[in-house]
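One structure is given below, encoded as structure tokens.
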Amino acid sequence: MDNVLKKKVKLNRLQVLILYFFLFACIGWLMETSYAIYNLGHFVKRGFLYGPICPIYGYGALILIVFFNKYKKHNFKLFVYAAVIFSAFEYLVSYILDAMFAMHWWDYTNEFFNLNGRISIFYSFAWGIIAILFINHIYPFFKKHINIILSKIPYAIQIILLYSFSAIFIVDTLASCVRYLNM
């Protein structure tokens, strides 16, 4: 009985993946915002949501973690598969956002070798390189440090934070959809 009580309860795999979604969606928003500030010289709200996250980066990170982590030792395969899959993903997301809200969050029309302005060869290449960096360096770094941080936070607090982030994300998504549908 004492061993059962001493065993530390941890987040399950799905809960950890949700945590990674929020982490990398927030990092994606920071990268997008920093890039816009650098290019334009001032703050520009980036992304679909009110809050400081870009879900496409969170979903992209989850796709890499769940489906592409097995290619860690196979950089060429990782590059090719990621370039193709993420280009298709980017095209699909662009198409859906355009169909639902008649708005464009990115436009590659002036980029070399683009497809309907939704994807371009440059960004397809970039997704392949980013996948290699993510799987081989970024994800292992964050996984190690997230595990250390989680080991110091009581399980109940972890759950409260996870459910709070999830609830805020759902409300933000609904509010953002209403905003763009009414424009």
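The values are calculated or read from the model by the stated rules, or taken from the named source; none is laboratory data. Quick caveat: nothing in here was measured; it's all calculated off a predicted structure. We place every Cβ from the backbone using ideal geometry, glycine too, and count neighbours over all the protein chains shown. What goes into the accessible areas is simple: the full protein's heavy atoms, side chains included, and nothing from ligands, DNA or RNA. Shrake-Rupley method; radii C 1.70, N 1.55, O 1.52, S 1.80 Å.
Which ranges mark the helices (runs of 4 or more DSSP H) fully within the range 90-183 that have 3 or more residues being out of contact with any Phe, Trp or Tyr (no Cβ under 9 Å at 6 or more places or on another chain) and small (Gly, Ala, Ser)?
Passing ranges, in order: 155-181.
Could you tell me which numbered condition Phe101 fails, if it satisfies all but one of (1) of a type in the set (Phe, Trp, Tyr); (2) under 18 Å from the mean Cα position of the chain (by Cα); (3) within 19 Å of Ile119 (Cα to Cα)?
Tallying (1) of a type in the set (Phe, Trp, Tyr); (2) under 18 Å from the mean Cα position of the chain (by Cα); (3) within 19 Å of Ile119 (Cα to Cα), Phe101 fails exactly one: (2).
Just need a number here: residues in the range 124-168 that are aromatic (Phe, Trp, Tyr) and open to solvent by 70 Å² or more (accessible area, probe 1.4 Å).
5
What tally of residues in the range 27-41 results from selecting those that are over 16 Å from Trp105 (Cα atoms) and in contact with a helix residue (DSSP H, G or I) (Cβ under 9 Å, 6 or more places away or on another chain)?
Counting residues in the range 27-41 that are over 16 Å from Trp105 (Cα atoms) and in contact with a helix residue (DSSP H, G or I) (Cβ under 9 Å, 6 or more places away or on another chain) gives 1.
Provide a single number: the residues in the range 92-118 that are open to solvent by 60 Å² or more (accessible area, probe 1.4 Å) and under 15 Å from Ile56 (Cα atoms).
Number of matching residues: 4.
So, Ala88, is that one of a type in the set (A, V, I, L, M, F, W, C), open to solvent by 40 Å² or more (accessible area, probe 1.4 Å) and over 18 Å from the mean Cα position of the chain (by Cα) or not?
No: the conditions fail for Ala88.
Name the residues in the range 54-85 that are over 18 Å from the mean Cα position of the chain (by Cα) and over 14 Å from Ile130 (Cβ atoms), would you?
Lys70, Lys72, Lys73, His74, Phe76, Lys77
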